[in-house]
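Read through the structure below, which is laid out as structure tokens, and then see the notes.
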Amino acid sequence: MYTPQDEKRLYEQAKYLLQHDLKSAEDTIAQLREVINYADWQYYVQNDPTLSDSEYDGLYKKLKQEEEKYPELVTADSPTQRVAQGLSERFPTVSHLVPMLSLDNTYNAEDLTDWDRRCRDFAGVEEIEYCVEPKYDGASISLIYENGALARGATRGDGVMGEDVTANIRQIKAIPLSASLVKQGIQQIEIRGEIVIHKNVFEAYNKQRVSEGLSPLANPRNAASGTLRILDSAEVRKRGLNAILYHISDYTLMEGAQRPEQLSTHYGSLQWLYDLGFPTPAKEMKVFKHIDDVIKYCHEFEGHRDELPFEVDGLVIKVNDFALQDMMGMTSHHPRWAVAFKFKARQATSRLLKVEFQVGRTGSITPVAKIEPVPIGGVTVTSVSLFNEDVVREKDVRIGDTVLVERAGDVIPYIVKPLTELRTGDEVEIKFPTHCPACNSELEKQQDEAAWRCININCPVQVVERMIHFASKDAMDIRSLGSANVQKFYELGLLPDIPGIYHIDWDKVKQLGGFGEKSVTNLQQAIEQSKKQPLYRVIYGLGIRHVGETTAKTLASAVSHISEFYDWNIEKLSMLQDIGPKVATSVIDFFARKENRRIIDMLGAAGVNLANENKGQMKTDGALAGKTFLFTGTLSHFKRSDAEAIVEEKGGAILGGVSSKLNYLVTGEDAGSKLEKAKKLGTVAILTEQEFLELVGE
Ligand code: IVH
């Protein structure tokens with residue numbers, strides 16, 4: 001859709017428009033729309049933005065201001081018109097141009113071989129070309145474009161009638177509001193696809209729900225289909241939905257127009273849509289001439305299913321040639337020319353045996369359901385978090401219930417619901433403790449929180465968990481001081497609290513079984529080395545509530561010594577980037593406590609680095625100072641997070657996408673669009689993993 005020349009021009013146009021106006025407001029508005037549409041496409045379709053968030057916001061704000069000055073120039077396809085138009089009373093029912101059918105399912109090689117035989121018999125041919133693409137697990141939609149503009153978006157409904165959710169569909173930035181279809185001779189087109197939600201967006205959303213006392217949604221599919229039917233489209237906008245379009249179900253040509261050549265195969269049609277700016281699986285599709293190759297690919301792909309940013313529940317195999325598809329037709333349930341290959345189920349039923357209450361690092365009490373072991377998607381699940389009391393009450397799960405459990409990819413397992421129809425009457429209500437299961441202090445619940453909390457700062461479980469967190473990889477990275485050793489040392493009185501890590505009686509450790517000379521030396525060295533860790537790791541390691549790694553970095557870069565925070569107040573903290581009142585209050589409370597100050601002072605006395613020499617700036621003295629890096633593809637020599645840490649350590653910076661600002665692209669196996677783009681740009685140095693290691697001298 002965009003040639004490298006277009007991309008260069010649009011990038012420069014965006015930069016120019018941020019600073020300047022054009023001669024006429026009409027031109028300024030037209031060009032702003034062009035660059036914003038381009039930026040949306042890069043961000044949502046390519047997953048590869050070149051403009052920073054603030055540049056994007058600047059352009060959007062400017063367009064909005066211009067349109068407010070000249071309301072007569074506002075058009076329905078302007079990016080500003082994605083904005084919600086208030087609440088819908090309910091969604092009108094609409095009929096689909098072509099019924100939205102389902103797919104027939106296959107589960108193994110034999111099913112696929114049978115399907116291939118039926119296809120070839122039906123078509124009366126020896127060989128059929130198949131196109132294979134992911135089966136996205138979301139909510140299916142139908143989009144109609146008329147004269148190049150998005151005219152309607154509808155849910156599947158019962159397949160014949162769906163709900164008109166156009167206002168919500170317009171909030172999804174992956175879906176173009178207009179496209180150059182008229183130029184292609186297309187008057188009207190109906191495109192089918194799936195609304196999906198990225199797994200990380202889903203996890204973050206669920207975390208937020210749980211913290212608000214709501215129950216988490218069971219899977220990204222429910223989240224996508226639920227969001228699509230929310231009446232307040234402003235809320236839909238916040239949820240970060242995405243879309244993948246995988247089928248043209250109908251189109252009419254402009255009078256006298258020729259059918260675009262690519263609309264003769266499925267592969268060609270999705271490539272054509274992609275080139276017009278639509279999000280299709282153009283990069284993921286594969287074509288095969290023999291079913292055995294399809295089968296091989298299906299099995300290979302299943303092993304990699306978790307690597308995609310969205311949930312996929314299988315692959316879809318489609319006859320590539322449209323003429324052949326038309327000949328084969330469909331049953332009332334599914335087309336004969338397509339079939340789904342379903343991956344192993346990730347839902348199973350099991351019995352809830354008991355509920356244990358775990359104490360977390362911050363004292364929160366989490367109910368954890370112990371279930372009869374059940375394999376789900378290749379993993380045996382025995383424990384499932386029930387999050388908090390509100391979730392338990394809302395789902396009305398009871399001990400003894402048969403429960404439906406789902407593990408959606410790398411998303412943690414959830415109890416979807418109890419199967420109430422299987423109840424015998426012997427099920428027992430889950431009782432919440434009033435006292436801490438570890439230290440027996442009375443539990444408290446704050447007004448705006450869903451979790452019960454043990455507020456005894458010396459609660460043994462919390463003390464141990466805090467030490468484990470302090471030593472963990474992303475904090476002080478004291479290898480071999482993992483949870484088992486911390487627990488053991490604590491129980492033996494060798495490790496009373498965090499500063500105690502630097503005062504372990506090694507003679508006593510040596511007398512313990514299982515600690516040879518070598519492992520003691522290793523542990524001593526790791527502890528010694530941790531004293532030199534940068535300040536942000538110490539701050540993160542202290543386990544201040546609501547302070548993750550990013551916030552810890554922000555905090556560390558604002559001071560030259562941690563003790564400066566003793567004199568800060570909420571107002572001063574709130575001035576820092578991305579620190580809201582909740583985080584600020586938590587940080588101030590933490591540093592106000594005598595006990596915490598004692599821990600910090602003791603760490604300082606033990607020689608732990610509590611200073612930051614580069615207050616208010618990025619590192620400028622490292623070997624990679626001022627250089628920018630990006631990693632892509634599957635890395636086999638090191639972990640991405642470790643490599644990124646090396647770059648930052650040496651003063652370099654990590655970028656989010658390939659742009660003219662990028663100096664080095666480090667490529668692992670199967671590097672895709674980022675590599676292509678870097679090659680096109682010609683200004684980026686492309687390194688193998690080995691070359692990267694040599695460059696950084698590791
Ligand atoms: S083709 C007539 N392709 O799976 C066209 N469907 O279980 C039929 N789905 O209702 C659809 N990914 O919502 C097709 N790449 C893909 C798909 C896909 C997900 C959904 C679709 C369908 C359901 C059937």
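Taking C-beta distances below 4.7 angstrom as the pairing criterion, name the unpartnered cysteines of the chain, in sequence order.
Cysteines of the chain left without a disulfide-compatible partner: Cys119, Cys131, Cys298.
Post the alpha-carbon centroid distance, region 415-468 to region 636-698, in whole angstrom.
Region 415-468 and region 636-698 have Cα centres separated by 45 Å.
Report the Cα centroid-to-centroid distance between region 30-49 and region 175-195 in angstrom, as an integer.
About 17 Å separates the Cα centre of region 30-49 from the one of region 175-195.
Looking only at region 100-127, which residues have a backbone nitrogen under 14 Å from a spot 7 Å from the Cα of His333 in the C-beta direction?
The answer is 101-107, whose backbone nitrogens lie closer than 14 Å to the label point.
If R₀ is 22 angstrom, what is the calculated FRET efficiency for the pair Glu255 and Ser180, using the beta carbon separation as r and rounding to 0.05? Mind showing how you got there, number by number?
Values: r = 18 Å, r/R0 = 0.82.
Efficiency, rounded to the nearest 0.05: 0.75.
Measure off 7 Å from each Cα along the Cα-to-Cβ vector at Tyr60 and Ser24, then give the distance between these two points in nanometres to one decimal.
Between Tyr60 and Ser24, the label points sit 2.8 nm apart.
Would you compute, from DSSP H runs of 4+ residues alone, the mean residue ellipticity of the chain at 222 nm, taking -39500 (n - 2.57) per run and dividing by the full residue count, rounded to the nearest 500?
About -10500 deg cm²/dmol.
Can you give the extra length, in nm with one decimal, that the chain gains between Glu127 and Ser560 once fully stretched, where that is 0.36 nm per residue apart less the Cα-Cα distance?
Values: separation 433, 0.36 × 433 = 155.88 nm, distance 7.12 nm.
Stretched out fully, the Glu127 to Ser560 stretch lengthens by 148.8 nm.
Could you work out how far the C-alpha centroid of region 567-617 sits from that of region 369-383, in angstrom?
One Cα centre to the other: 41 Å.
Share of antiparallel DSSP beta bridges in region 626-698, in percent to the nearest 5?
10 percent
Kindly state, to the nearest 0.05, the FRET efficiency for Arg118 paired with Lys488, given R0 = 56 Å and r defined as their beta-carbon distance.
In this case the efficiency is close to 0.35.
How large is the Kirkwood hydrodynamic radius of region 390-439, counting all unique pairs of alpha carbons, in Å?
12.6 Å
May I ask which residue of Leu494, Pro534, Gln262 lies farthest towards the positive end of the charge dipole of the chain, with charges of +1 (Lys, Arg) and -1 (Asp, Glu) on Cβ and the Cα centre as origin?
Towards the positive end, the residue furthest out is Leu494.
Identify all aspartates and glutamates with a Cα-Cα distance to Lys594 below 14 Å; exclude those on the same chain that are fewer than 8 residues away in sequence.
The qualifying aspartates and glutamates are Asp567.
Tell me the relative contact order for the chain as a rounded percent, counting alpha carbon contacts under 8 Å between residues six or more apart.
Result for the chain is 10 percent.
Are there chymotrypsin sites (Phe, Trp or Tyr not before Pro) in region 321-356 that DSSP puts in a loop and that have at most 10 other Cβ atoms within 10 Å, and which ones?
Values: sites: Phe322, Trp337, Phe341, Phe343; in loops: Trp337, Phe343.
Here no loop site has a sparse enough neighbourhood.
Using the eigenvalues of the Cα gyration tensor, what equivalent ellipsoid semi-axes result for region 424-463 when each is taken as the square root of five times the eigenvalue, whole Å, largest first?
25, 14, 7
Could you give the size of the charge dipole of the chain about its Cα centre, using +1 on the Cβ of each K and R and -1 on the Cβ of each D and E, expressed in debye and rounded to the nearest 20?
Result for the chain is approximately 1360 debye, rounded to the nearest 20.
In degrees between 0 and 90, to the nearest 10, how far off the longest principal axis of the chain does helix 517-530 point, with axes built from Cα atoms?
Helix 517-530 sits roughly 70 degrees off the main axis of the chain.
To the nearest 20 debye, what is the magnitude of the charge dipole of region 1-43 about its Cα centre, counting +1 on the Cβ of each Lys and Arg and -1 on the Cβ of each Asp and Glu?
100 debye
Trypsin sites (Lys or Arg not before Pro), restricted to region 374-468: which are DSSP loop and have at most 14 other Cβ atoms within 10 Å?
Arg423, Lys431, Lys445
Only bridges with both residues in the chain count here: give the DSSP antiparallel percent, nearest 5.
85 percent
Rule-based calculations on the coordinates, nothing more; no lab input. None of these values were measured; they are calculated from a predicted model. Methodologically, a virtual Cβ is constructed for each residue, glycine included, from the backbone with ideal geometry; neighbour enumeration extends over all protein chains shown.
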